[in-house]
Amino acid sequence: MKLRLPNTYVLLVSLLALIALATWIVPGGRFETALVNGKTLIIPGTFHLVEARPQGFAAFLTAPIKGFVEAALIIGFVLVVGGAFAVLQKTEAIDALIKSVARAHQRSALVRALVIPVFVTLFSLGGASFGMAEEAIPFVLIFIPLALALKLDTLTGVAIPFVGSQIGFATAFLNPFNVGVAQGIAGVPMFSGLGYRALCWALATGLTIAFLQWWAARIRRDPTLSPTYEADQARRAEMDLAAFEQFAGMTQRHKTVLALFAGSLLVMIGGVVRLGWYIEEIAALFLVMAVSVGLVARLSADEFMAAFLHGARDLVGTALVIALAKGTVILLREGQIIDTLLNALAPLVASEQPVFAAHKMFLIQSVVNFFIHSGTGQAALTMPIMAPLADLVGLTRQTAVLAFQLGELTTPIIPTSGITVGVLALARLPLGTWMRWMLPLQALYLLMALLLLSWPALQRWT
């Protein structure tokens, strides 16, 4: 009998029930707060007990609805952005870009040498900018044959789109689904700290490229070193390499759509940095982008709305996760035990050195990521706790957001992730084989995350 791990919804509903029960057991407590630079911050050392307010069955049932109400802005934002990017995907411009480079590899030695760096960078940019995650799954079917044609292996073909996009997601600098939501909840300006996050992204992407280039050099010298060598030989015998040449190339329409997308990202950066844009303005920009690319791609009104609604519908589950996660915070707040839990958690994270406090916060987020691997859902669940906890242990809330992000570096190897399991199933790649191959790279990611968190902790990064 196989062990079936509960999904995110079951975990969150169970957590709601546990929190409701905890309000009958845990004593109520409260910290004094102060308004500093427009933000309400906890004053360390001011915790005191107050009367608890136990939450009953009715409160348990109504918490998710209240969560929808309190998180309405974030939920609306997620649905609009999801719809906008579905329209972008409907134009097939991004797919055309990738296929163009894939075809060019057969004609140029330089392109063959740059395949791994270029494609990993593209997928990583997708994760860092518009939250590319599940969207990378179908590209596995393109990159496994491409890798085999380049005398590489299935592992490389899976890693380019999958690890590339996941690393971009974990070190994102413009991703509205994790950075935007987390910063909104933490009370820091949306997409602030852009420069350091871009540095984190560049280092993580560069590390991934270096590892894959090293592995590619080994496999080209001795293909039998690959754990998938025998399976790869069978795949090569079945492959139709001429399929790469069937693509007609990017059209002017594809190029215009990509230019509009890139221009929208630049406008968003300018709006956030110079004009202080927040969720409403960014959502409006993505809506304008969707309409613009729809017009350029000559999508009919029916095609546009079908694509937009499909993208929004795919994120209804994410909206429910946000509402459930917000419901847990509502129960904690109305039961008056959230400050009690913060007071108990603070000694576990606190350290004489703020660097170690940041490291411990990152490790906690990594554990949470095993159970809640939705970036948006995890932000909605953990940031209401981690942001004020940062106040207590001498960290900035910006550092807490970065610790949350880097906790998602474990996603490529966690068996509870639907993306991970889906990719490996599509690639016909055993989980054990994949995890053993990924362990050295995951160790490098761990070391990198600890180093990247050290500077913000020491410098009081805001």
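The values are calculated or read from the model by the stated rules, or taken from the named source; none is laboratory data. No experiment lies behind these values; they were computed from the predicted model shown. No Cβ is skipped: glycine too gets one built from the backbone with ideal geometry, and neighbour counts run over all protein chains shown. Protein only, heavy atoms only, side chains kept; ligands, DNA and RNA dropped before computing areas. Shrake-Rupley method; radii C 1.70, N 1.55, O 1.52, S 1.80 Å.
A few notes on this one:
- About its Cα centre, the dipole of the chain is roughly 680 debye, where the only charges are +1 on Lys and Arg Cβ and -1 on Asp and Glu Cβ.
- Computed from the Kirkwood radius of its Cα pairs, the Stokes-Einstein diffusion coefficient for segment 109-217 at 20 °C and 1.002 mPa s stands at 151 µm²/s.
- Within segment 304-462, the proportion of Cα pairs with more than 24 Å between them is 44 percent.
- Cβ crowding within 10 Å averaged over residues, with 274-283, 297-306 ranked highest first: 274-283, 297-306
- Calculated FRET value between Leu295 and Leu266, using beta carbons and R₀ = 25 Å, to 0.05: 0.80
- On Cα atoms only, tilt of 252-275 relative to the major axis of the chain in degrees: 30 degrees
- Spin-label model, Ser100/Leu225: points 7 Å from Cα along the beta carbon direction are separated by 3.5 nm.
- Accessible surface computed residue by residue for the chain, with neighbouring protein chains in place and a 1.4 Å probe, gives 43 Å² per residue.
- Per-residue extension of 0.36 nm, minus the Cα-Cα distance of Ala217 and Arg428, leaves a gain of 73.6 nm for this segment.
- Computed over the chain, relative contact order equals 26 percent, with contacts defined as Cα pairs under 8 Å that lie 6+ residues apart.
- Placing dummy labels 7 Å off each Cα toward the beta-carbon, the span from Lys151 to Gln442 is 3.2 nm.
- Of the listed residues Glu134, Glu51, the order by accessible area with a 1.4 Å probe, largest first, is Glu51, Glu134.
- Here the accessible area is traced with a 1.4 Å probe on the protein chains. For the chain, carbon and sulfur cover 66 percent of it.
- Counted over all Cα-Cα pairs of the chain, pairs farther apart than 44 Å make up 14 percent.
- Across every pair of non-identical alpha carbons in segment 254-356, the mean reciprocal distance, once inverted, gives a Kirkwood radius of 17.8 Å.
- In degrees, nearest ten, helix 338-349 long axis to first principal axis of the chain (Cα): 60 degrees
- Judged by the ratio a/c of the largest to the smallest principal axis of the C-alpha gyration tensor, segment 172-295 counts as oblate, that ratio being 1.5 or greater while a/b is no larger than b/c.
- A simple rule links phi to the HN-Hα coupling: the Karplus curve 6.51 cos²θ - 1.76 cosθ + 1.60 with θ = phi - 60°, which for segment 442-449 gives 5, 5, 5, 4, 4, 4, 4, 4 Hz, with x for Gly and Pro.
- Compared with the alpha-carbon gap, the fully stretched path from Glu281 to Ala234 is longer by 11.7 nm at 0.36 nm per residue.
- Cβ-derived FRET efficiency at R0 22 Å, Ser454 paired with Ala198, nearest 0.05: 0.80
- Cα-based helix-to-principal-axis angle, 140-149 vs the chain, degrees rounded to 10: 40 degrees
- Between Val13 and Asp314, the contour length at 0.36 nm per residue exceeds the alpha carbon distance by 106.3 nm.
- Hull volume in cubic angstrom per residue (convex hull over the Cα atoms of segment 45-170): 192 Å³
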